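Written below as structure tokens is the structure these notes are about.
The values are calculated or read from the model by the stated rules, or taken from the named source; none is laboratory data. Since we're looking at a predicted model, the values are computed, not measured. Cβ: placed from backbone, ideal geometry, glycine included. Neighbour counts: every protein chain shown. With ligands, DNA and RNA removed, areas are computed over all heavy atoms of the protein, side chains included. Shrake-Rupley method; radii C 1.70, N 1.55, O 1.52, S 1.80 Å.
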Amino acid sequence: WRQNVSQAVDFYLDLVSYDNETRRILRLAVPFTVSALIETVVDLVELAIISFYLGTEAMVAFALVDIIVGISSEFVGGFIESISSLTSMASGAGNNRLCGEYLQISIGF
């Protein structure tokens, strides 16, 4: 069983080896992660300030509105990102008709 564990560990280390692709991913992932953490801290500070100066009822109202707006913007953002990806792939393939269809769908939405 030790040999199986050793093989599994070796396989795992081969998968997570620090190569050029890992560096490329980390160059993108680290700034996005830091940005998300900063955004979370700013949201918490904003909530604390509202709670301190306006009270807990205003804080709860702000939190509920923020959740509703966040959910709706994520829904629309997901749609925009998917249309953007599909349109760029169709454009890269030279399929202008499909680009037009995606444009019409996005305008209709």
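Only one residue in VAL45, VAL65, VAL34, VAL60 is assigned to a helix (DSSP H, G or I), at pLDDT 90 or above, under 18 Å from the mean Cα position of the chain (by Cα) and of a type outside the set (Ser, Thr, Tyr). Which one?
Details: VAL45 fails: under 18 Å from the mean Cα position of the chain (by Cα); VAL65 fails: under 18 Å from the mean Cα position of the chain (by Cα); VAL60 fails: under 18 Å from the mean Cα position of the chain (by Cα).
Within the list VAL45, VAL65, VAL34, VAL60, the selection yields VAL34.
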Qualifying positions in segment 11-28 - part of a loop (DSSP other than H, G, I, E, B) and open to solvent by less than 90 Å² (accessible area, probe 1.4 Å): VAL16, SER17, ASP19
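Report whether or not PHE62 is farther than 30 Å from LEU98 by Cα and in contact with a helix residue (DSSP H, G or I) (Cβ under 6 Å, 6 or more places away or on another chain). Let's see the steps before the verdict.
Working: farther than 30 Å from LEU98 by Cα: yes; in contact with a helix residue (DSSP H, G or I) (Cβ under 6 Å, 6 or more places away or on another chain): yes.
Spelling it out, PHE62 is indeed farther than 30 Å from LEU98 by Cα and in contact with a helix residue (DSSP H, G or I) (Cβ under 6 Å, 6 or more places away or on another chain).
Taking the stated definitions as given, is ILE50 in contact with a helix residue (DSSP H, G or I) (Cβ under 7 Å, 6 or more places away or on another chain), of a type outside the set (D, E, K, R) and either open to solvent by less than 90 Å² (accessible area, probe 1.4 Å) or in a helix (DSSP H, G or I) (or both)?
Numbers: in contact with a helix residue (DSSP H, G or I) (Cβ under 7 Å, 6 or more places away or on another chain): yes; of a type outside the set (D, E, K, R): yes; either open to solvent by less than 90 Å² (accessible area, probe 1.4 Å) or in a helix (DSSP H, G or I) (or both): yes.
Yes, satisfied.
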Criterion first (within 20 Å of SER106 (Cα to Cα) and at pLDDT below 90) does GLU81 satisfy it? yes
